[in-house]
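Here is the structure we will look at, set down as structure tokens.
The values are calculated or read from the model by the stated rules, or taken from the named source; none is laboratory data. Because the structure is a prediction, the values reported are computed rather than measured. Neighbour counts are summed over all protein chains in view; Cβ atoms, including those assigned to glycine, are modelled from backbone coordinates with ideal geometry. Accessible surface areas use protein heavy atoms only, side chains included; no ligands, DNA or RNA. Shrake-Rupley method; radii C 1.70, N 1.55, O 1.52, S 1.80 Å.
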Amino acid sequence: MLDLDHPRTQHIFAASHQLDMILDMCKRITLSSVKGRRFRLEGIRQAFATLRWLAAHRFADEPHIADGIAELERQAEQLAALSLCHPISRDSLPERCPVCGDTLILPSEYSPTGYCSSCLGVIRAALQRVRSCEEGFGTEAI
Ligand SMILES: [Zn+2]
């Protein structure tokens, strides 16, 4: 549980907001066309820049966080570069993942964005690292 009076807490929330945006966009990437994947990846570059700024200026005593951010950005790039094996329609959610053919996680009240959990696994380890209290911003404590 976070101490809301601690001076660093507001920065942890700021990092959490950026990581939520990155996760949401990575979910969308899993169901995007080749062009859409590149477009969405560019859309989260600013979130990575903000995370790097937070790490450098608000978590300066934890320089390892920057390594985790770089790893997460590389993995998001890998996710966006996966080759599509199945056709994708602009108008409707595909029935199966356009990359791996796996069953999709459908939109729900908890995740309004449908996605492929298998493909999202590409970023899972780095995202967990950047969220962790030991190696990252500690957003997992929120
Ligand atoms: Zn997939």
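For residue 65, the test of being closer than 18 Å to residue 114 by Cβ and β-branched (Val, Ile, Thr) is failed. Filtering segment 98-119 to residues that are hydrophobic (A, V, I, L, M, F, W, C), within 12 Å of the ligand (Cβ to nearest atom) and either part of a loop (DSSP other than H, G, I, E, B) or within 17 Å of residue 76 (Cα to Cα) (or both) leaves 99, 100, 104, 116, 119. Scanning segment 59-66 turns up at least one residue that is within 18 Å of residue 128 (Cβ to Cβ), crowded, with 21+ Cβ neighbours inside 10 Å and touching a residue at least 40 places away in the same chain (Cβ under 8 Å). Here residue 73 qualifies as part of a helix (DSSP H, G or I), more than 14 Å from the ligand (Cβ to nearest atom) and under 13 Å from residue 19 (Cα atoms). For the criterion of being more than 22 Å from residue 134 (Cβ to Cβ), assigned to a helix (DSSP H, G or I) and touching a residue at least 24 places away in the same chain (Cβ under 8 Å), residue 90 fails. Consider residue 46 carefully, then state whether it is within 16 Å of the ligand (Cβ to nearest atom), open to solvent by 70 Å² or more (accessible area, probe 1.4 Å) and assigned to a helix (DSSP H, G or I). No; evaluated as a whole, the condition is false for this residue. The requirement of being in contact with a His (Cβ under 9 Å, 6 or more places away or on another chain) and either more than 16 Å from the ligand (Cβ to nearest atom) or open to solvent by 80 Å² or more (accessible area, probe 1.4 Å) (or both) is not satisfied by residue 124. Residues in segment 81-94 that are more than 12 Å from the ligand (Cβ to nearest atom) and within 15 Å of residue 27 (Cα to Cα): 81, 93. Do we find a residue being surrounded by 13 or more Cβ atoms within 10 Å (Cβ to Cβ), touching a residue at least 40 places away in the same chain (Cβ under 8 Å) and in contact with an Asp or Glu (Cβ under 9 Å, 6 or more places away or on another chain) anywhere in segment 94-106? Yes, segment 94-106 contains a residue that is surrounded by 13 or more Cβ atoms within 10 Å (Cβ to Cβ), touching a residue at least 40 places away in the same chain (Cβ under 8 Å) and in contact with an Asp or Glu (Cβ under 9 Å, 6 or more places away or on another chain).
Among the residues of segment 67-84, not a single one is over 16 Å from the mean Cα position of the chain (by Cα), touching a residue at least 40 places away in the same chain (Cβ under 8 Å) and open to solvent by 80 Å² or more (accessible area, probe 1.4 Å).
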